[in-house]
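K.L.:
Here you go, one structure.
The values are calculated or read from the model by the stated rules, or taken from the named source; none is laboratory data. These numbers were taken from a predicted model, which means no experiment stands behind them. For neighbour counting, all protein chains shown are included, and Cβ atoms are generated from backbone atoms with ideal geometry for every residue, glycine included.
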Amino acid sequence: MAEPRRAGPRTAPPRAAAASASAACVVGGAVAVTVAVVAGPGPGLTGYVSEAGVTDSTYAPAYRIGVFALTAGLLLLATALPPVLRAAAGLLAAGSVFALVSGAVTCSAGCPLPPFERATTADLVHGAASILAVAAVVLAMLAVTLTRAAPSALRRLAAVALAAALPLAGATAVALVFVGRGGLIAVLERLLLLVAVLWGAATATAVALRR
């Protein structure tokens, strides 16, 4: 008589619910930010995404709502990850704090950053928080990839995202230091954020549907 097949590991209901909510927040937040960037009066593909959140922009509220939704998405994903991914969860939780600061502290017109432009204290706080938030997400991808005990589906998603995110992050850092604001860094920033959003939404969905 054949032995009954054992069921694979399932995500606990609270974690599944958190993962589902995370996916919704990440997608909804990304849509709100995209609307603010595309429809707002910003410089299009020659400026930073954060310029859509400048105080006197008509679409600044939509931008901030989007950033806060992404913040919630990161925190929810941190709570939804399997216990074996504690390092990645910690990085995502840290990233949510930085994202919260990024959304709460707006930059001035043009979001100037050194070494090419004179920046205010708010510009520096906003810029540093934004950079650290994205860096935390990229490091979380790395942590998932390197955790051998993690579910294989999550590791594959992280590895693919990391392969795209690392060169984009490196190129963005070089552009910040040696090129400054312009079309190059605008495209690199948008591509890096797209990878982060896709990974967050895909990982949250995979956790929610895990059987």
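K.L.:
Kindly indicate whether any position in segment 197-209 is assigned to a helix (DSSP H, G or I), at pLDDT 95 or above and farther than 19 Å from THR79 by Cα.
P.N.:
No, there is no match, as no residue in segment 197-209 is assigned to a helix (DSSP H, G or I), at pLDDT 95 or above and farther than 19 Å from THR79 by Cα.
K.L.:
What number goes with the only condition from (1) in a helix (DSSP H, G or I); (2) under 30 Å from PRO114 (Cα atoms); (3) of a type outside the set (Ser, Thr, Tyr) that GLY180 does not pass?
P.N.:
(1)
K.L.:
Which of the residues belonging to segment 96-152 are among the polar types (S, T, N, Q) and assigned to a helix (DSSP H, G or I)? Walk me through it before giving the result.
P.N.:
Looking only at segment 96-152, we keep the residues that are among the polar types (S, T, N, Q), and these are 96, 102, 106, 108, 120-121, 130, 145, 147, 152.
SER96, SER102, THR121, SER130, THR145, SER152 - these are the residues of segment 96-152 that are among the polar types (S, T, N, Q) and assigned to a helix (DSSP H, G or I).
K.L.:
Please verify whether segment 65-75 includes one or more residues that are among the polar types (S, T, N, Q), at pLDDT below 95 and either assigned to a helix (DSSP H, G or I) or on the phi < 0 side of the Ramachandran plot (or both). Walk me through how you get there before you give the answer.
P.N.:
So the first thing to find is which residues in segment 65-75 are among the polar types (S, T, N, Q), and the list is 71.
Adding the requirement that they be at pLDDT below 95 leaves none.
No, segment 65-75 has no match at all.
K.L.:
Is segment 97-119 home to any residue that is over 23 Å from ALA12 (Cα atoms) and among the charged types (D, E, K, R)?
P.N.:
As a first pass, look at segment 97-119 and keep what is over 23 Å from ALA12 (Cα atoms): 97-119.
From what is left, the residues that are among the charged types (D, E, K, R) are 117-118.
Yes.
K.L.:
Let me ask something else. Could you list all residues from segment 79-103 that are touching a residue at least 40 places away in the same chain (Cβ under 8 Å) and farther than 14 Å from VAL137 by Cα?
P.N.:
Once the filter is applied, which keeps residues that are touching a residue at least 40 places away in the same chain (Cβ under 8 Å) and farther than 14 Å from VAL137 by Cα, segment 79-103 yields THR79, ALA80, PRO82, VAL84, SER102, GLY103.
K.L.:
Exactly one condition in (1) of a type in the set (A, V, I, L, M); (2) surrounded by fewer than 21 Cβ atoms within 10 Å (Cβ to Cβ); (3) modelled with pLDDT under 95 is false for VAL37; which is it?
P.N.:
Result: VAL37 passes all but (2).
K.L.:
In segment 40-68, which residues are small (Gly, Ala, Ser) and surrounded by fewer than 18 Cβ atoms within 10 Å (Cβ to Cβ)? Before you say what the answer is, go through the steps one by one.
P.N.:
The first filter runs over segment 40-68 and keeps only residues small (Gly, Ala, Ser), leaving 40, 42, 44, 47, 50, 52-53, 57, 60, 62, 66.
GLY44, ALA60 - these are the residues of segment 40-68 that are small (Gly, Ala, Ser) and surrounded by fewer than 18 Cβ atoms within 10 Å (Cβ to Cβ).
K.L.:
Just for segment 158-207: of the residues that are of a type in the set (S, T, N, Q) and within 30 Å of SER20 (Cα to Cα), which one is surrounded by the fewest Cβ atoms within 10 Å (Cβ to Cβ)? It would help to see each step written out before you state the result.
P.N.:
Let us first name the residues in segment 158-207 that are of a type in the set (S, T, N, Q), namely 172, 203, 205.
Checking which are within 30 Å of SER20 (Cα to Cα) leaves us with 203, 205.
Numbers: THR203: 28, THR205: 18.
Result: THR205.
K.L.:
Which of the residues belonging to segment 92-124 are closer than 20 Å to ALA16 by Cα, among the aliphatic types (A, V, I, L, M) and either crowded, with 20+ Cβ neighbours inside 10 Å or touching a Cys at 6+ places or on another chain (Cβ under 6 Å) (or both)? Spell out the reasoning first.
P.N.:
Taking segment 92-124 and keeping what is closer than 20 Å to ALA16 by Cα, we get 92-93, 96.
Add one more test, that the residue is among the aliphatic types (A, V, I, L, M), and what stays is 92-93.
LEU92, the sole residue that qualifies.
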